[in-house]
Amino acid sequence: MRPFPRSLFAALGALRHENPLGLPRSGAPPPQFLSRAQRGLPQKRKLLGVDKIICVSSAKGGVGKSTVAANLSLSLARAGRRTGLLDTDIFGPSVPRLLNLSGEPRLSANNRLLPLENYGVKTMSMGYLVGEEAPVVWRGLMVMKALQQLLHEVEWGALDVLILDLPPGTGDVQLTIVQQVVVDGAVIVSTPQDIALIDAVKGVNMFKKVDVPILGMVQNMSVFTCPNCQHTTHIFGTEGVARECQKHGLELLGDIPLDASICQDADNGKPTVVAREGPLTDAYKSIADKVVKQLWG
């Protein structure tokens, strides 16, 4: 077995000593670590016609982030806000299935992609540009180019708010977004489980490092109620997200139970907010109300 190169140990050592970019302690940093202004690149900007941009994020996959993003978008639209939903997950887009949309977007007179719309929400996703079962087998540079096109080459029209459904992680996609567009706030989604919260906190700290305001956290899949006997079980633990909110000085935006109907609604392409009335829909609407209050007062 070949030994690990010394450069790897040097990089790991830099991380351990809170120097995550591996920069020398003295001297000018390499060009790739300079700011966009220092490299003569365009500064991040607001998207044409879009008032506010919100990221719905979780560094952990499988916590229901896309379902929360879809229901939040629909709740905002039903509250009278002109709303768009951009699926920035290049490899695993969820928005087409969630909102029951398909087909290749048409081009505007300005040669820009026209969003597909359902339930009063305008959407764009890589899922409209490739087949549902077709894998996107791309390297990082191609992914970043596709993301830039989704950010800057869509004809949204006038929107009060654009929700960005982010993929898991704290890497290229997240950094590209916060470097290129003005993000007005982030919503962090997690289950109460400790293993999910470890990554969720990484997401919180990432947004803090890039100066994106964190609107709060959503505790998803918090409790399961048996439909037969009504016994409640905290499958993923109890109040984990609430504890992290208190620890980091964040607002707990909402508490969404683990309910089979939420999954069924998503699979049917008719999210809970438009599929039914009741406590589940009210929970998403409450989150939307808190987001509106923070963004517009």
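The values are calculated or read from the model by the stated rules, or taken from the named source; none is laboratory data. Note that this is a predicted model, so its numbers are computed, not measured. Reconstructed Cβ throughout: ideal geometry from the backbone, glycine too, with neighbour counts over all protein chains shown.
Does the range 277-294 include one or more residues that are assigned by TED's automatic domain parsing to the domain that holds residue 65, farther than 27 Å from residue 214 by Cα and touching a residue at least 60 places away in the same chain (Cβ under 8 Å)?
Scanning the range 277-294, I find no residue that is assigned by TED's automatic domain parsing to the domain that holds residue 65, farther than 27 Å from residue 214 by Cα and touching a residue at least 60 places away in the same chain (Cβ under 8 Å), so the answer is no.
Could you say which residue among 279, 257 is out of contact with any Ser or Thr (no Cβ under 9 Å at 6 or more places or on another chain) and at pLDDT below 95?
Just one listed residue meets the conditions, 279.
Any chance you could count how many residues in the range 78-111 are surrounded by 24 or more Cβ atoms within 10 Å (Cβ to Cβ), in contact with a strand residue (DSSP E or B) (Cβ under 8 Å, 6 or more places away or on another chain) and hydrophobic (A, V, I, L, M, F, W, C)?
Residues meeting the conditions: 4.
Looking only at residues in the range 164-191 that are acidic (Asp, Glu) and at pLDDT 95 or above, which one is surrounded by the most Cβ atoms within 10 Å (Cβ to Cβ)?
Here the answer is 165.
Please go through the range 149-163 and give me each residue that is crowded, with 17+ Cβ neighbours inside 10 Å and among the acidic types (Asp, Glu), ordered by number. Spell out the reasoning first.
Step one: filter the range 149-163 for residues crowded, with 17+ Cβ neighbours inside 10 Å, giving 150-151, 154-156, 159-163.
155, 160 - these are the residues of the range 149-163 that are crowded, with 17+ Cβ neighbours inside 10 Å and among the acidic types (Asp, Glu).
Could you list, in sequence order, all residues of the range 130-173 that are within 23 Å of residue 214 (Cα to Cα) and in contact with a Gly (Cβ under 8 Å, 6 or more places away or on another chain)?
Those that are within 23 Å of residue 214 (Cα to Cα) and in contact with a Gly (Cβ under 8 Å, 6 or more places away or on another chain): 159, 161, 162, 163, 167, 168, 170, 172.
From 233, 191, grab the single residue that is without any contact (Cβ under 8 Å) to a residue 12 or more places away in the chain and touching a strand residue (DSSP E or B) at 6+ places or on another chain (Cβ under 6 Å).
233
Here is a list: 197, 166. Which entry is under 23 Å from residue 295 (Cβ atoms) and not small (Gly, Ala, Ser)?
One residue alone meets the criteria, 166.
Please determine whether any residue of the range 128-148 is polar (S, T, N, Q), surrounded by 15 or more Cβ atoms within 10 Å (Cβ to Cβ) and in the same structural domain as residue 207 (by TED's automatic domain parsing).
Applying the first criterion (polar (S, T, N, Q)) to the range 128-148 yields 148.
Narrowing the set further to residues that are surrounded by 15 or more Cβ atoms within 10 Å (Cβ to Cβ) leaves none.
No.
Return yes when residue 237 is outside any helix (DSSP H, G or I) and either modelled with pLDDT under 90 or hydrophobic (A, V, I, L, M, F, W, C) (or both) and no when it is not. Write out each step before concluding.
Numbers: outside any helix (DSSP H, G or I): yes; either modelled with pLDDT under 90 or hydrophobic (A, V, I, L, M, F, W, C) (or both): yes.
Answer is yes for this residue.
Taking the conditions exactly as written (in the same structural domain as residue 121 (by TED's automatic domain parsing) and under 26 Å from residue 93 (Cβ atoms)), does residue 155 satisfy them or not?
Values: in the same structural domain as residue 121 (by TED's automatic domain parsing): yes; under 26 Å from residue 93 (Cβ atoms): yes.
Yes: the conditions hold for residue 155.
Restricting attention to the range 220-235, report how many residues are buried (at least 21 other Cβ atoms within 10 Å of the Cβ) and either touching a Pro at 6+ places or on another chain (Cβ under 6 Å) or over 27 Å from residue 262 (Cβ atoms) (or both).
Summing the residues that are buried (at least 21 other Cβ atoms within 10 Å of the Cβ) and either touching a Pro at 6+ places or on another chain (Cβ under 6 Å) or over 27 Å from residue 262 (Cβ atoms) (or both) in the range 220-235 gives 1.
Give the range 262-294 a look and list any residue that's closer than 15 Å to residue 217 by Cα, out of contact with any Pro (no Cβ under 9 Å at 6 or more places or on another chain) and buried (at least 20 other Cβ atoms within 10 Å of the Cβ), or say none.
287, 288, 291
Considering only residues that are buried (at least 18 other Cβ atoms within 10 Å of the Cβ) and either touching a residue at least 60 places away in the same chain (Cβ under 8 Å) or more than 27 Å from residue 293 (Cα to Cα) (or both), which ones fall in the range 238-261?
If the condition is that a residue be buried (at least 18 other Cβ atoms within 10 Å of the Cβ) and either touching a residue at least 60 places away in the same chain (Cβ under 8 Å) or more than 27 Å from residue 293 (Cα to Cα) (or both), then 253, 256, 259 are the ones that fit.
Does residue 198 count as assigned to a helix (DSSP H, G or I), assigned by TED's automatic domain parsing to the domain that holds residue 161 and out of contact with any strand residue (DSSP E or B) (no Cβ under 8 Å at 6 or more places or on another chain)?
So residue 198 passes the test.
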